[in-house]
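Read the structure below first, then the notes.
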Amino acid sequence: MPRDQEDTIDDKPMPLIEHLLELRTRLLWSLGAFIIAFALCYYFSSQIYGFLAQPLADILQQQSGGERRMIFTALYEAFFTYLKVALFGATFLSFPMWATQLWLFIAPGLYRSEKKALLPFLLASPVLFVMGAALAYYFIFPLAWKFFISFETPPGSGALPVQLEAKVSEYLSLVMHMILAFGVAFQLPVALTLMAKVGIVSVEGLKRGRRYAIVGMFAVSAVITPPDIISQIGLAVPLIALYEISILAAGWVKPKRDDNS
């Protein structure tokens, strides 16, 4: 079907070399933002790590009431851990810049209707990622860490004492894995709604596949979270809720697509 006359591309023809020069400019802006964010995060890397370790510190304080510690067993371990913290933080801080640069590069080549269709998804994606990361940090971490620490054997119990002394690098790897897993998993409504808008999936198909989706969500949660029931349920249940939201969102975008067909 022909497009509306007002549905035009706000771009002017450019030779290939100019497109490459613009791409280089966008990449330089993104790289510059990442370098600045990395330097800032490395300067505050110990504070950022302290923030990530706070859920564990709070539980250890509640369990023992005394001072507990984290350890590193290689001379370079703490240094590389702080580098990873800086990279992790810089990725978050610089995301708005390189996402904006990406949008500015591709937007001129899109029709106005395509821009209006894509913009809500681009805005919702980081919001959902932050929501997933916040759920992991504020709700899942305290419950999961308390579960794991419950396997300690305190002195005077008649058995050999067993006490946690977490390695800084292993803890950071676990925390980053959990935050990324929850953040990426929360992109489910964006992915399903976008696929429904372009016709890859339908509302009816999503409803028919609900039972299989629920099983799949529990399976995925079991794979990408630590081997404890708390983390698995803590990810699977929100995913089920997000799947239901995706069905509603897919039904909301469907009439628009049907009207243009």
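The values are calculated or read from the model by the stated rules, or taken from the named source; none is laboratory data. What you are looking at is a predicted structure, and each value in this text was computed from that prediction instead of being measured. Every residue, glycine among them, receives a Cβ derived from its backbone with ideal geometry; neighbour counts consider all protein chains shown.
Every listed requirement among (1) more than 23 Å from the chain's Cα centre (by Cα); (2) polar (S, T, N, Q); (3) surrounded by 14 or more Cβ atoms within 10 Å (Cβ to Cβ) is met by residue 91 save one, (1).
Let's see how each residue does on (1) within 20 Å of the chain's Cα centre (by Cα); (2) over 30 Å from residue 163 (Cα atoms); (3) of a type in the set (Gly, Ala, Ser):
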residue: 41; (1), (2), (3): yes, yes, no
residue: 49; (1), (2), (3): yes, no, no
residue: 58; (1), (2), (3): no, no, no
residue: 70; (1), (2), (3): no, no, no
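So, residue 91, is that one of a type in the set (Ser, Thr, Tyr), without any contact (Cβ under 8 Å) to a residue 60 or more places away in the chain and within 24 Å of residue 144 (Cβ to Cβ) or not? Quick ask: steps written out before the conclusion?
Numbers: of a type in the set (Ser, Thr, Tyr): yes; without any contact (Cβ under 8 Å) to a residue 60 or more places away in the chain: yes; within 24 Å of residue 144 (Cβ to Cβ): yes.
Judged against the criteria, residue 91 is a match.
If the requirement is being part of a helix (DSSP H, G or I), crowded, with 21+ Cβ neighbours inside 10 Å and touching a Pro at 6+ places or on another chain (Cβ under 8 Å), which of these qualifies: 192, 242, 235, 174? So that I can check it myself, show each step before the final result.
Details: 192 fails: touching a Pro at 6+ places or on another chain (Cβ under 8 Å); 235 fails: touching a Pro at 6+ places or on another chain (Cβ under 8 Å); 174 fails: crowded, with 21+ Cβ neighbours inside 10 Å.
Among 192, 242, 235, 174, only 242 is part of a helix (DSSP H, G or I), crowded, with 21+ Cβ neighbours inside 10 Å and touching a Pro at 6+ places or on another chain (Cβ under 8 Å).
Restricting attention to the stretch 195-210, the residues that are assigned to a helix (DSSP H, G or I), surrounded by fewer than 17 Cβ atoms within 10 Å (Cβ to Cβ) and more than 23 Å from the chain's Cα centre (by Cα) total 6.
Being of a type outside the set (A, V, I, L, M, F, W, C) and at pLDDT 90 or above narrows it down to one of 157, 169, so name that one. Working first, answer last.
Details: 157 fails: at pLDDT 90 or above.
Only one candidate passes the filter, namely 169.
For residue 83, the test of being at pLDDT 90 or above and touching a helix residue (DSSP H, G or I) at 6+ places or on another chain (Cβ under 6 Å) is failed. Taking residue 17, is it part of a helix (DSSP H, G or I) and surrounded by fewer than 13 Cβ atoms within 10 Å (Cβ to Cβ)? Answer is yes for this residue.
Just one of the numbered conditions (1) within 30 Å of residue 116 (Cα to Cα); (2) charged (D, E, K, R); (3) surrounded by 14 or more Cβ atoms within 10 Å (Cβ to Cβ) is not true of residue 167; which one? Among (1) within 30 Å of residue 116 (Cα to Cα); (2) charged (D, E, K, R); (3) surrounded by 14 or more Cβ atoms within 10 Å (Cβ to Cβ), the lone unmet condition for residue 167 is (1).
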